[in-house]
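See structure below.
The values are calculated or read from the model by the stated rules, or taken from the named source; none is laboratory data. Treat the numbers as computed from the prediction; the structure is a model and nothing was measured. Every residue, glycine as well, gets a Cβ built from its backbone with ideal geometry; the counts of neighbours run over all protein chains shown.
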Amino acid sequence: MADVVFEAKGLTKTYRNGEVEVHALAGVDLQLFAGELVVLLGPSGSGKSTLLNILGGLDHASTGMVRFQDEDLSGLDDAGLTAYRRDHVGFVFQFYNLIPSLTARENVNLVTEIARRPMPADTALELVGLAGRMEHFPAQMSGGEQQRVAIARAIAKQPDVLLCDEPTGALDSKTGVRVLEALSQINNELGTTTALITHNAAIKDMAHRVMMFGDGRITGTQVNTRRKQPSEISW
Amino acid sequence: MWAQALAIALVIASGVATFVLASGAYHSLEETRAAYYLRYRFADIFAEVRRAPKAVADRIAAIPGLAAAEPRITHLALLDVPGLAEPATGRAVSVPDLGEPRLNLLHLREGRLPERERTDEVTINEGFAKAHDMHVGATFQALLNGKKRELKVVGVALSPEFIYALGPGDLMPDDRRFAILWMSEKALAALFDLDGAFNSISLKLLPGTSQAEAVKQVDDLLARYGGTGALARKDQLSHAFLDAELRQLDALRRVMPPIFLLVSAFLINMTLSRMVALEREQIGLLKALGYGPLPIVAHYIKVVLAITLFGIAIGYVAGAWLGKGLTRLYGDFFHFPFLVFRHDADIYVIAAGVSVVAAVAGALKAVREVLALAPAVAMQPPAAPRYRKLLGAGGRSSTLVSQLTTMSVRHMIRRPLRAGATSLGIAMGLGLLVTALLSFDSVEHMIDIAFFRTERQHATLTFTDEKHQRALQSVEQMPGVLRAEPYRSVAVRLRNGHASRQLSIIGKPRDMDLSRVLDLDDRPIELPPSGLVVNERVASILNLRKGDAVEAEILEGRRGTRQLVVAEVIKSYFGLTAFMTIDALDRVMYGPRLSGVHIAYDVERQDNLFKAIKSTPGIGSIALQRHALTRFRETIAQNINYSVTIYVTLAVIIAFGVVYNSARIQLSEHARELASLRVLGFTRGEVSRVLFTELVLLTVLAIPPGWMMGYGFGWLLIKAFSSDLYRVPFVIEPATYAKATLVVLAATVTSALIVRKRIDRLDLIAVLKTRD
């Protein structure tokens, strides 16, 4: 029985948007296990990003409990959450969020400088197939390459968990597959627990488990007995 | 946004305020002086003689071009004032017994003028009265022509002739120890044996009359009566000192405010330009929605104008208020009987105009750039900036410099012009601070030279007229006198070609020790056995160099013209001075005489010494050095402190304004990056380091140019201070540079800390969903 990496019970999140109350999460229970690749699937506004933010320590839930390994995330203050993100979490975002004034290697170094047990930046970049682009600035790279740098940056710290929010959202199908291949490879070779958010149903087939989101709740889960290779996916 | 707008408004206000306050104070005082002189018929020409019959006054009055001539009697007298251990000095001046004075009218604050022939009634000047809390009815004693008399105060008055009441030998006015005593003409004539005669005359010229001509004619008429040379108003002591003070104010007005105004204009131009550039997406959107360029431009101009006008308004109010305060301060110091406040419309217009033009130009520049883009392009974030690798060896990751520092440095290098401009703005703030602070250094140096290296005597006794050598021995024998050095003062007119100046040659003994002469390197020198030693100012006015010959027209005693050789040029911060050994001067004057004595005395026996002096008829006045120093610090310090405090405050506001705005704008421009860093797990402290490093680097880069600018502005300012009466040396202590730098660094740190609070509030989540 694999270890439980995340455990959440009764999570809700409510925003006030002027006079309107938005219930982004309306009661979510889940468990994520070590080493698995989970896809969180749902239309926009269904609450998946909100959940990811809470799991990643970027936001607090309004009510409910969320634990990472043995740590209760809801009890952490800002400094505590910062330390949590720093030591345990790797992020990949839709718009890459690279630092424009640093080269690819330097972007990865940014993170290895503060990580507890990092892998060398060169290794991380080789893992995502960018050995030849290390000295380039983000402005000199395509969207797909930038995203792969972001992935290298995320895994260079050898995080306990990798959280990806719409990693292929800004990319075309062919490039997106390339990125998914990188994520898949990392999950296979390093065993990093990975949660991937998307609204693109085609991607679900590469996951170990899929959770469907709607109206701030998990509406259903699915276990893939046979996982597709990213190269088999297209949209 | 409002905090930034406020910071900008304050920078504008600072520039405008300095302009308004300095001009306001200066023009008000000028107007006041002019009105005072006019209303109270301040004379144009002043002449003193030994003794001339009244008929000569009528002949003088007949000189063509003269509007009026008023003869009178004046004499020095030692005073014994209750509550004052040391002797004071009074200048007795006669008022006509019939009718009012025609020139140099008195403004009575209390009481009346003395009654005719009353030798015991006196009207005193307000400064003296205030210093001793004297009112009508008070009494004190005066040594008049060898006899001690009790005088009763019957009135307190002000006169344009004695705005600056300076005793002989004093550097600064000392209202406690120098008084003007207005007495009945007949009474003074009786006391000083001048019945039917006069020893002083004031003249008023008709408009258009040549002053030089009139002076010459008066001199010709008075020469045989012992005239020492008529003085035009510009050389009259009180007027000359007032003029020097006003010139100082004028210098401050001409140098500081334009610099302030330009610096603030530069800053608002830069800041507003960057702020509008941040509005790029909104401008693109408006254009996409169909707004033409004019409404968009108009909108931003309106916002910019609102901020600018707000700043100008604050500047006006602050400037007018501070200017009024400064005017009052000077008005009190000069005992002006009234104050005229003047507000020149064109000052306000210039200040406002420069600020508005700078602000609008800055905004326009940015708006135009964005408008030139197609709306779709504008609505996208600006094209990814092209960075260059300057740090980090190729191939290997550099561990010497962290990535955060690399980011800061590359941000700066990528926009060198902007980084340069920010640094320049900080440098200007630093320069202004150095300039404002250096006046303290210069004044301290002046004090050191004047009071501790040259005039080191405890006191200077001035005789009522030239005395024989025996007088020196009498002084040496006075109780407590440790050392006595004689001096002699002879009024001359020095001439070299077309240039000429009236001044006194001071004769000193060769082995002078109490009152010394320093060369241009501040070293005490021995006077050459023959030949003239002149100070730098005289040398420059008369175009003299060491070895040159100069013509000296002797204006007293054995008149005539002598040829003298300039043996040395020396430094002096006060007056126009020329020196010779007393022996050489005696030879020029065909006989040995003394004008006075510098003494050092045993302070324990001071009271006895003062008692003795108060009863010695031949002594006209005594000037005390320690008093002079105190007075000097009080007057100079007071005047400079107020002005400098204002300038320092404004410079700090400007420095802070530059740094704060720079930090805020950098934060806006790099918000996304900084938020990303937070997401990645960097602490708030680490993230603020990115901004902080850039700010500190820019500040450090600003230091050398800032110091240079301070030096340059300071030099301009000091030069503008010089006059015949005194020169301020140009001195900047290293500590001044350090202090100014610390203030600017403190401003940087404070702004960084304030902006850091904003970093803490970055919305991390919003940043992840938007395009780079």
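Can you tell me which residue is modelled with the lowest pLDDT among those in region B:717-738 that are surrounded by fewer than 16 Cβ atoms within 10 Å (Cβ to Cβ) and either within 14 Å of chain A (Cβ to nearest Cβ) or part of a helix (DSSP H, G or I) (or both)? Break it down into steps so the answer makes sense when it comes.
Going through region B:717-738, the residues surrounded by fewer than 16 Cβ atoms within 10 Å (Cβ to Cβ) turn out to be B:719, B:733-735, B:738.
When the remaining residues are screened for being either within 14 Å of chain A (Cβ to nearest Cβ) or part of a helix (DSSP H, G or I) (or both), the result is B:719, B:734-735, B:738.
Values: B:Lys719: 77, B:Pro734: 92, B:Ala735: 92, B:Ala738: 94.
Checked region B:717-738; the qualifying residue modelled with the lowest pLDDT is B:Lys719.
Selection over region A:18-46 of residues that are within 14 Å of chain B (Cβ to nearest Cβ) and without any contact (Cβ under 8 Å) to a residue 60 or more places away in the chain gives a count of 2. Only residues that are farther than 20 Å from A:Leu171 by Cα and among the hydrophobic types (A, V, I, L, M, F, W, C) were counted in region A:219-235, giving 1. Any residue in region A:156-167 that is crowded, with 24+ Cβ neighbours inside 10 Å, hydrophobic (A, V, I, L, M, F, W, C), within 8 Å of another protein chain (Cβ to nearest Cβ) and out of contact with any Gly (no Cβ under 6 Å at 6 or more places or on another chain)? There is no residue in region A:156-167 that is crowded, with 24+ Cβ neighbours inside 10 Å, hydrophobic (A, V, I, L, M, F, W, C), within 8 Å of another protein chain (Cβ to nearest Cβ) and out of contact with any Gly (no Cβ under 6 Å at 6 or more places or on another chain).
Each row is one residue, and each column tells you yes or no for (1) surrounded by fewer than 19 Cβ atoms within 10 Å (Cβ to Cβ); (2) of a type outside the set (Val, Ile, Thr); (3) over 23 Å from the mean Cα position of the chain (by Cα).
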residue	(1), (2), (3)
B:Leu261	no, yes, no
B:Ser273	no, yes, yes
B:Leu305	yes, yes, yes
B:Gly311	no, yes, yes
B:Ile350	yes, no, yes
B:Ala363	no, yes, yes
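Scanning region A:201-224 for residues that are modelled with pLDDT of 90 or more and assigned to a loop (DSSP other than H, G, I, E, B) yields A:Ala207, A:His208, A:Asn224. Here B:Val81 meets the list (1) under 26 Å from the mean Cα position of the chain (by Cα); (2) over 30 Å from B:Ser668 (Cα atoms); (3) surrounded by 22 or more Cβ atoms within 10 Å (Cβ to Cβ) almost entirely, failing just condition (1).
Evaluated against (1) assigned by TED's automatic domain parsing to the domain that holds B:Leu745; (2) more than 29 Å from the chain's Cα centre (by Cα), B:Gly431 falls short on exactly one condition, (2).
Listed here are the residues, each with its yes/no results for (1) among the hydroxyl-bearing types (Ser, Thr, Tyr); (2) over 15 Å from the mean Cα position of the chain (by Cα).
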{"residue": "A:Val22", "(1), (2)": "no, yes"}
{"residue": "A:Leu40", "(1), (2)": "no, no"}
{"residue": "A:Ser49", "(1), (2)": "yes, no"}
{"residue": "A:Met65", "(1), (2)": "no, yes"}
{"residue": "A:Tyr96", "(1), (2)": "yes, no"}
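Among the residues of this structure, B:Gly685 does not count as one that is within 14 Å of chain A (Cβ to nearest Cβ), part of a loop (DSSP other than H, G, I, E, B) and not β-branched (Val, Ile, Thr).
What residue, among those in region B:36-60 that are assigned to a loop (DSSP other than H, G, I, E, B) and not small (Gly, Ala, Ser), is nearest to B:Thr209 (Cα to Cα)? Give the derivation first.
Residues of region B:36-60 assigned to a loop (DSSP other than H, G, I, E, B): B:40-44.
From what is left, the residues that are not small (Gly, Ala, Ser) are B:40-42, B:44.
Values: B:Tyr40: 20, B:Arg41: 17, B:Phe42: 16, B:Asp44: 11 Å.
So, considering only residues that are assigned to a loop (DSSP other than H, G, I, E, B) and not small (Gly, Ala, Ser), the one nearest to B:Thr209 (Cα to Cα) is B:Asp44.
Residues being assigned to a loop (DSSP other than H, G, I, E, B) and more than 8 Å from chain B (Cβ to nearest Cβ): count how many of those fall in region A:67-98. Before you say what the answer is, go through the steps one by one.
Residues of region A:67-98 assigned to a loop (DSSP other than H, G, I, E, B): A:69-70, A:76-77, A:93-98.
Then keep just the ones that are more than 8 Å from chain B (Cβ to nearest Cβ); that gives A:69-70, A:76-77.
Qualifying residue count, region A:67-98: 4.
Name every residue in region B:13-40 that is surrounded by fewer than 18 Cβ atoms within 10 Å (Cβ to Cβ) and either touching a helix residue (DSSP H, G or I) at 6+ places or on another chain (Cβ under 8 Å) or outside the structural domain of B:His239 (by TED's automatic domain parsing) (or both), in order of residue number. So that I can check it myself, show each step before the final result.
From region B:13-40, those surrounded by fewer than 18 Cβ atoms within 10 Å (Cβ to Cβ) are B:30-31, B:34-35, B:38-39; that's our starting set.
Selection gives B:Glu30 alone.
The condition of being surrounded by fewer than 19 Cβ atoms within 10 Å (Cβ to Cβ) and not polar (S, T, N, Q) holds for only one of B:Gly591, B:Gly620, that being B:Gly591.
Taking (1) surrounded by fewer than 20 Cβ atoms within 10 Å (Cβ to Cβ); (2) without any contact (Cβ under 8 Å) to a residue 40 or more places away in the chain in turn, B:Ala539 satisfies each apart from (1). The residue pairs whose first member lies in region B:750-772 and is facing chain A (nearest Cβ under 7 Å), whose second member is modelled with pLDDT of 80 or more and assigned to a helix (DSSP H, G or I), and whose beta carbons are closer than 7 Å, counting only pairs six or more residues apart or on different chains, are B:Leu764/B:Ala675; B:Leu764/B:Arg678; B:Leu764/B:Val679; B:Ile765/A:Asn53; B:Leu768/B:Val679; B:Asp772/B:Arg672. A:Leu58 meets the conditions (1) more than 15 Å from the chain's Cα centre (by Cα); (2) assigned to a loop (DSSP other than H, G, I, E, B) in every case but one. The failed one is (1). Each residue in region B:691-713 was checked for being within 14 Å of another protein chain (Cβ to nearest Cβ) and modelled with pLDDT of 85 or more, and 2 pass.
Tell me yes or no: at least one residue of region B:325-342 is part of a helix (DSSP H, G or I), of a type in the set (A, V, I, L, M) and either under 20 Å from B:Val360 (Cα atoms) or over 36 Å from the mean Cα position of the chain (by Cα) (or both).
Narrowing region B:325-342 to residues part of a helix (DSSP H, G or I): B:325-333.
Narrowing the set further to residues that are of a type in the set (A, V, I, L, M) leaves B:326, B:329.
Those left that are additionally either under 20 Å from B:Val360 (Cα atoms) or over 36 Å from the mean Cα position of the chain (by Cα) (or both): none.
No, the conditions are met nowhere in region B:325-342.
Within the set B:Leu520, B:Leu514, B:Leu503, the sole residue that is at pLDDT below 90, closer than 30 Å to B:Asn608 by Cα and under 34 Å from the mean Cα position of the chain (by Cα) turns out to be B:Leu514.
Look at (1) farther than 20 Å from B:Pro64 by Cα; (2) outside any strand (DSSP E or B); (3) in contact (Cβ under 8 Å) with a residue 40 or more places away in the chain and you find that B:Asp195 fails only one, number (3).
Could you tell me which of the residues B:Ser662, B:Ser676 is assigned to a helix (DSSP H, G or I) and within 14 Å of chain A (Cβ to nearest Cβ)? Working first, answer last.
Working: B:Ser662 fails: within 14 Å of chain A (Cβ to nearest Cβ).
So the residue among B:Ser662, B:Ser676 that is assigned to a helix (DSSP H, G or I) and within 14 Å of chain A (Cβ to nearest Cβ) is B:Ser676.
Scanning region A:121-167 for residues that are closer than 11 Å to A:Arg105 by Cβ and not in a helix (DSSP H, G or I) yields A:Leu130, A:Met134, A:Glu135, A:His136, A:Phe137.
Is it true that some residue in region A:99-117 is more than 10 Å from chain B (Cβ to nearest Cβ), aliphatic (A, V, I, L, M) and more than 20 Å from A:Ala202 (Cβ to Cβ)?
Initial filter on region A:99-117 (more than 10 Å from chain B (Cβ to nearest Cβ)): A:104, A:116-117.
Going one step further and asking which of them are aliphatic (A, V, I, L, M), we end up with A:104.
Checking which are more than 20 Å from A:Ala202 (Cβ to Cβ) leaves us with A:104.
Yes, region A:99-117 contains a residue that is more than 10 Å from chain B (Cβ to nearest Cβ), aliphatic (A, V, I, L, M) and more than 20 Å from A:Ala202 (Cβ to Cβ).
Within the bounds of region A:171-184, is there any residue that is in contact (Cβ under 8 Å) with a residue 60 or more places away in the chain, more than 11 Å from chain B (Cβ to nearest Cβ), assigned to a helix (DSSP H, G or I) and buried (at least 24 other Cβ atoms within 10 Å of the Cβ)? Within region A:171-184 (the criterion being in contact (Cβ under 8 Å) with a residue 60 or more places away in the chain, more than 11 Å from chain B (Cβ to nearest Cβ), assigned to a helix (DSSP H, G or I) and buried (at least 24 other Cβ atoms within 10 Å of the Cβ)), the answer is yes, since at least one residue qualifies.
Every listed requirement among (1) within 13 Å of chain B (Cβ to nearest Cβ); (2) modelled with pLDDT of 90 or more; (3) closer than 24 Å to A:Leu196 by Cβ; (4) out of contact with any Gly (no Cβ under 7 Å at 6 or more places or on another chain) is met by A:Ser49 save one, (2).
Evaluate the following for A:Ala121: is it surrounded by 20 or more Cβ atoms within 10 Å (Cβ to Cβ) and either over 20 Å from A:Leu171 (Cβ atoms) or among the hydroxyl-bearing types (Ser, Thr, Tyr) (or both)? Full working, then the answer.
Details: surrounded by 20 or more Cβ atoms within 10 Å (Cβ to Cβ): yes; either over 20 Å from A:Leu171 (Cβ atoms) or among the hydroxyl-bearing types (Ser, Thr, Tyr) (or both): yes.
Criteria met by A:Ala121.
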